[in-house]
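The values are calculated or read from the model by the stated rules, or taken from the named source; none is laboratory data. Just so it is clear, the structure is predicted and the values come from calculations on it, not from any experiment. Because the Cβ atoms are built from the backbone with ideal geometry, glycine has one as well, and the counts that use them run over all protein chains shown.
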Amino acid sequence: MADQDISPRIALDADRRRPLVAIVGGGLSGAAVAYHLALTWREVQPAIIVFEPRPEIGRGLAYDTRNAAHRINVPAARMSLLPEQPEDFLQWIIDNDGLADDPEANRENGSVFPRRQLFGQYVAAALQPLVETGAIRHRQALVTDVSRDGAFWRLFDSQGGQSFADYLVIATSHPAPSTPRNLAALASHPRFVADSTIAGSLDVIRPDDRLLIVGNGLTAADVVASLALNGHRGRITSISRRGLRARGHAPVAQDPFGSFDAPLIPSAAQLLRHVRHTVVDAAAAGLTWHAVIDQVRGQGHAIWRNLPVSERRRLVRHLRPFWDVHRFRIAPQVEEVLDQAIEEGRMDVLAASVTDARVHGDEIHVTLRPRHGAPVEHVYDAAVVTTGPAHGGILDSQPWLANLRNHGHLQLDPTGLGIFCSDRSEAIGGEGAADPTLLISGPLARGTFGELMGLPQITEHAVFVAQELANKVRSVTVTV
Ligand SMILES: Cc1cc2nc3c(=O)[nH]c(=O)nc-3n(C[C@H](O)[C@H](O)[C@H](O)COP(=O)(O)OP(=O)(O)OC[C@H]3O[C@@H](n4cnc5c(N)ncnc54)[C@H](O)[C@@H]3O)c2cc1C
């Protein structure tokens, strides 16, 4: 049950001696911080309020979907709210007969890739008892403004409420994608989809439409699988600058292979060389590249922290597209749909960029410049942007984030990947000082923590943030 009956001005928690932690964003990151803070550090007992406009906390953008084509892209055995119990979700599936209507989730090699909505159900079910007992309050509203008020953070929300908190956690992660400038002229076209993550946004695409997809990552894979489920049979052209396609999983599970943290590697170029050599060694040992990338991901925090900012930037600029397609793997069911479309000649994956796009009557005329070649004009009936969330623009994505930046509380991470924070996840303001009352949780902290996009790393980070909060709350409670 969401917290609907909050008076317009919520004073501090009735018992003022309980510090109040406000978490903005109740997707997986915010929910996991609240969950671990409420459960693991019970003796500390801060008041916890999660601001999240969705009816349930824990789902967020990724798992708040009813689309049956949307599947988790990490095997269920590694998608857990509890880092110490990686198979917790798998066990929950068994206990709740979660695959009764989805036998396709089971793969021949024993791995399980259920629909994303099932994972959302698992997280929401874990949070629900804590919401019902009041250990976590769910304020079903958008935070619209935040300001400093003496020792407190003052939050205004879309239900007209005001709250005061001792600690503020920003867990709003994924902003909407931004439309590439060269596609702006298509905004008025009825079959131009600027944000395919909005439920029902693909309904405008007709079965025989010739479709352009801009961006080749996981969101593009979601789009192709969703359209296939709805009977789309038109031609699809999917483009990205390098024409790289999200890869699938290894045919059989493998242990991570190689070593990237002893000794730590001082530059992006050396890291790349070491990864390449290790892939060769892995092949000699009968393993695929997946095992190597898994090791890099597992040791990602140490690797990233050791690199100077200039080398982190170099990694982001030159290697990120390659990292993304190897590290974020598509579910095998989705991979099969894409493979089939390519084999049947219905889908092309191209290395190209858009140089011009215009609406021409009912059609969309787009000039594509191939990575190697001269620009050519193509005609489509529909276009979808799947370039992913615009994390670099996070501080301009919502007015209250811009206000916090303008008042010196936040700044963009120097790598452009999110919000600048310390290795205690405390936001670093414009003057360079970390604020112990303002924390960043989840993917927005990855400029500091490195790989922090997939669920296993997010839950580990959430446990860390909850521990940090518990320590802070404990020290305040002891001294009052
Ligand atoms: C489509 C998609 C599919 C994915 N699938 C997988 C997967 O299968 N496996 C995997 O490991 N990772 C997956 N990921 C990676 C993903 O980063 C994490 O798994 C995780 O879902 C991130 O959750 P989050 O809470 O950090 O972010 P989000 O899901 O973006 O949640 C942020 C929440 O903040 C809320 N919010 C925003 N602004 C405000 C405001 N002003 N006030 C109050 N609330 C606000 C939003 O409503 C949202 O619910 C996927 C990501 C996406 C985008």
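Given the structure, is LEU410 within 16 Å of the ligand (Cβ to nearest atom) and at pLDDT 95 or above?
Judged against the criteria, LEU410 is a match.
Considering each of ASP145, ASP157, ASP195, ASP222 in turn, give the residue that is within 16 Å of the ligand (Cβ to nearest atom), touching a Lys or Arg at 6+ places or on another chain (Cβ under 7 Å), acidic (Asp, Glu) and in contact (Cβ under 8 Å) with a residue 60 or more places away in the chain.
On inspection, the qualifying residue turns out to be ASP157.
Taking the residues in the stretch 286-313 that are buried (at least 18 other Cβ atoms within 10 Å of the Cβ) and of a type in the set (Lys, Arg) as candidates, determine which candidate is farthest from ALA445 (Cα to Cα).
Filtering the stretch 286-313 for residues that are buried (at least 18 other Cβ atoms within 10 Å of the Cβ) and of a type in the set (Lys, Arg), the one farthest from ALA445 (Cα to Cα) comes out as ARG297.
Given the criterion out of contact with any strand residue (DSSP E or B) (no Cβ under 9 Å at 6 or more places or on another chain) and surrounded by 14 or more Cβ atoms within 10 Å (Cβ to Cβ), identify the matching residue among GLY361, GLY450.
Of GLY361, GLY450, the one residue that is out of contact with any strand residue (DSSP E or B) (no Cβ under 9 Å at 6 or more places or on another chain) and surrounded by 14 or more Cβ atoms within 10 Å (Cβ to Cβ) is GLY450.
Please verify whether the stretch 267-275 includes one or more residues that are without any contact (Cβ under 8 Å) to a residue 60 or more places away in the chain and either touching a strand residue (DSSP E or B) at 6+ places or on another chain (Cβ under 6 Å) or not in a helix (DSSP H, G or I) (or both).
Yes: one or more hits.
Here is a check on your reading of the model: is HIS372 at pLDDT 95 or above and farther than 26 Å from ALA31 by Cβ?
Criteria not met by HIS372.
So which residues in the stretch 307-344 are touching a helix residue (DSSP H, G or I) at 6+ places or on another chain (Cβ under 9 Å), among the charged types (D, E, K, R) and not in a helix (DSSP H, G or I)?
Answer for the stretch 307-344, where residues must be touching a helix residue (DSSP H, G or I) at 6+ places or on another chain (Cβ under 9 Å), among the charged types (D, E, K, R) and not in a helix (DSSP H, G or I): just ARG329.
Can you tell me which of (1) part of a loop (DSSP other than H, G, I, E, B); (2) more than 21 Å from HIS174 (Cβ to Cβ); (3) touching a Leu at 6+ places or on another chain (Cβ under 6 Å) is the one GLY430 doesn't meet?
The one condition GLY430 does not meet is (3).
If you scan the stretch 184-202, which residues turn out to be exposed (fewer than 10 other Cβ atoms within 10 Å of the Cβ) and of a type outside the set (Ser, Thr, Tyr)?
Correct list: PRO190, GLY200.
Does GLY150 count as under 30 Å from SER475 (Cα atoms) and either buried (at least 21 other Cβ atoms within 10 Å of the Cβ) or touching a residue at least 60 places away in the same chain (Cβ under 8 Å) (or both)?
Against the criterion (under 30 Å from SER475 (Cα atoms) and either buried (at least 21 other Cβ atoms within 10 Å of the Cβ) or touching a residue at least 60 places away in the same chain (Cβ under 8 Å) (or both)), GLY150 does not qualify.
Six or more apart or on different chains, Cβ atoms under 8 Å: show the pairs whose first residue is in the stretch 58-78 and farther than 27 Å from ILE136 by Cα and aliphatic (A, V, I, L, M) and whose second is at pLDDT below 95 and within 10 Å of the ligand (Cβ to nearest atom).
Listed by first residue and then by second, the contacts come to VAL74/ARG329; VAL74/GLY454; VAL74/LEU455; VAL74/PRO456.
Tell me which residues, restricted to the stretch 198-219, are within 16 Å of the ligand (Cβ to nearest atom), in contact (Cβ under 8 Å) with a residue 12 or more places away in the chain and not β-branched (Val, Ile, Thr).
Within the stretch 198-219, ALA199, LEU202, GLY215, ASN216, GLY217, LEU218 meet the criteria.
Taking PRO414 as the residue in question, decide whether it is in contact with a helix residue (DSSP H, G or I) (Cβ under 7 Å, 6 or more places away or on another chain) and surrounded by fewer than 20 Cβ atoms within 10 Å (Cβ to Cβ).
The answer is yes for PRO414.
Any idea which residue in the stretch 85-103 is surrounded by the fewest Cβ atoms within 10 Å (Cβ to Cβ), counting only those that are among the aliphatic types (A, V, I, L, M) and free of Cβ contacts under 8 Å to residues at least 12 places away in the same chain?
Here the residue is ALA100.
Please find, among ILE419, ILE458, ILE428, ILE440, the residue that is near the ligand (Cβ under 10 Å from one of its atoms) and among the β-branched types (Val, Ile, Thr).
Of the residues listed, the single one that is near the ligand (Cβ under 10 Å from one of its atoms) and among the β-branched types (Val, Ile, Thr) is ILE458.
Restricting to the stretch 229-258, give me the number of residues that are assigned to a helix (DSSP H, G or I) and surrounded by 20 or more Cβ atoms within 10 Å (Cβ to Cβ).
Of the residues in that region, 0 qualify.
Let's see how each residue does on (1) crowded, with 24+ Cβ neighbours inside 10 Å; (2) modelled with pLDDT of 95 or more:
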residue	(1), (2)
GLY25	yes, yes
LEU28	yes, yes
HIS36	no, yes
TRP41	no, no
ALA47	no, no
PRO53	no, yes
ARG59	yes, yes
ARG66	no, no
ALA69	no, yes
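Checking ARG245 against (1) within 16 Å of the ligand (Cβ to nearest atom); (2) on the phi < 0 side of the Ramachandran plot, only one condition comes out false. Which one?
Going through the list (1) within 16 Å of the ligand (Cβ to nearest atom); (2) on the phi < 0 side of the Ramachandran plot, ARG245 breaks only (1).
Starting from residues that are modelled with pLDDT of 95 or more and assigned to a helix (DSSP H, G or I), keep the ones in the stretch 78-102 and report whichever is nearest to the ligand (Cβ to nearest atom).
Filtering first and then ranking leaves PHE89.
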